[in-house]
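Right, one structure below, let's go through it.
Since every read-out is calculated from the coordinates, none of them should be taken as a lab result. These figures come from a predicted structure and were not determined experimentally. Virtual Cβ from ideal backbone geometry, glycine too; neighbours counted across all protein chains shown.
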Amino acid sequence: MIRVFVLIAVIFVANIVGQTTVELLPEKDNTLFEDPQGTSSNGAGEYLFTGNTNNGQVRRALVQFNLGVIPGDAQIQSVALSLTMNKTVAGPTPVTVHRVSRDWGEGASDAAGEEGRGTSAAENDATWIHAFFNTTAWDTPGGDYISTPSATDTVDGNGTYTWESTAPLVTDVQSWVDDPNSNHGWIIIGDESVIRTAKRFYSKESADTTRFPRLIVTYTPGTSVKSRDSKTIKEYRLFANYPNPFNPETTLSFQIPERTRVRLSVYDVLGKTVDVLVEKELQAGTHSVQWQGIDKNGRAVPSGLYYYRLETESFSAVKKMLFLK
Ligand SMILES: [Ca+2]
């Protein structure tokens, strides 16, 4: 049976000031069933599979999340992926998560019973050799993905498993938020070196949303730049912040005479970067941002002296500001 769910994103504000945590359900998921003809898939099935079956056939799960609720300029702080496993004959086995490097499909194929063999692939299903059945092949049978895992967890008996945040998982999600067209999700790979390591997980077609694959992302919103474009400005300038001293926020402004890439950063008296407020290409004109005395991890900084530095290809300037609580 094909079930259609409305994808929901549960948004709540975490305790740490400036940070937001969202919980996302998959946009699509599927299983690659090892088969040189690429005839099998399970796009609309209730289950996803990884590992090596009792007959020595490999299964790999694909899952992708729509990150559209996360602002395009957000800084990703942490990422956790959870899957609920419901059938295996294997004990503890490593299961790795890898970034997929090309788009793939989820068709209407829906295997019966225990689903372990999949069923005939339908139009646009991913298969062992197809990214999209029956029109587009993977470069490599078994899927195109980054060979270095983004995360590894050990999956044992039935239950929910979480691949906790790692630097590569954060990098994956950050790159997808920066460029949504590059978001092809992850492929989940079990222990393929020995037989009888298969693990079966619930897919997003499971009857119960609480068992769906889910992605928990914590981010800090990027700083919005207010701009007044002008072609009459002749020189670069970094202005004094206002107010100064300040509590709880101050405005940092600068002008640039040409379109250029700009970096505006705040750092402390030890020279440690507190936050990068602007890192983008801007038009000629006057630009300003607010700084609320919050560091790049969303934590309030202590009172004291801070510096802000403007850098472009041809200009650099530094000024002081005093945060007094
Ligand atoms: Ca699916």
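With K and R counted +1 and D and E -1, the other residues having a Cβ less than 13 Å from that of LYS280 yield a net charge of -2. Residue separation of THR148 and GLU27 scaled by 0.36 nm, minus their Cα-Cα distance, works out to 41.2 nm of gained length. Amide H contacts of VAL274: VAL266, TYR267, ASP268, each under 5 Å away and 5 or more positions distant or on a separate chain (H built 1.01 Å from N in the peptide plane; Pro and chain starts excluded). With the convex hull drawn over the C-alpha atoms of the range 226-323, the volume per residue is 88 Å³. The long axis of helix 167-178 is offset from the longest Cα principal axis of the chain by roughly 70 degrees.
How high is the relative contact order of the chain? Use alpha-carbon pairs under 8 Å, at least six apart in sequence, and give a whole percent.
21
Comparing the chain with the 2.2 N^0.38 Å rule of thumb, its C-alpha radius of gyration ratio is 1.22 (two decimals).
Here is how the number arises for the chain: DSSP H runs of 4 or more residues each give -39500 (n - 2.57), the sum is divided by the residue count, and the result at 222 nm is -1000 deg cm²/dmol. On the basis of the beta-carbon distance and an R0 of 22 Å, ASP229 and SER316 show a calculated FRET efficiency of 0.50.
Across VAL95, VAL63, VAL289, mean-square fluctuation computed from a Gaussian network of the chain (C-alpha pairs under 10 Å connected) peaks at VAL289.
Once the piece of chain linking ASN297 and TYR242 is laid out straight, how much longer is it, given 0.36 nm per residue of separation minus the C-alpha distance between them?
Taking ASN297 through TYR242 to full extension adds about 17.4 nm, to one decimal.
Here the Gaussian network model covers the chain, with springs between Cα atoms less than 10 Å apart; of GLY271, GLY298, GLY190, GLY271 fluctuates the most.
Using a Gaussian network model of the chain in which every pair of alpha carbons under 10 angstrom is joined by a spring, one finds that among GLU164, GLU235, GLU46 the greatest mean-square fluctuation is at GLU235. Here's the picture: a label point sits 7 Å out from the Cα of ILE195 along the beta-carbon direction, and within the range 29-69 the residues with their amide nitrogen under 15 Å of it are 52-59.
When both the range 30-95 and the range 110-175 are represented by their alpha-carbon centers, they are found 4 Å apart. The calculated FRET efficiency for LEU324 paired with ASP179, based on their beta-carbon distance and R0 = 35 Å, is about 0.30. Calculated FRET efficiency, VAL269 to ALA108, Cβ-Cβ distance, R0 = 45 Å: about 0.15 to the nearest 0.05.
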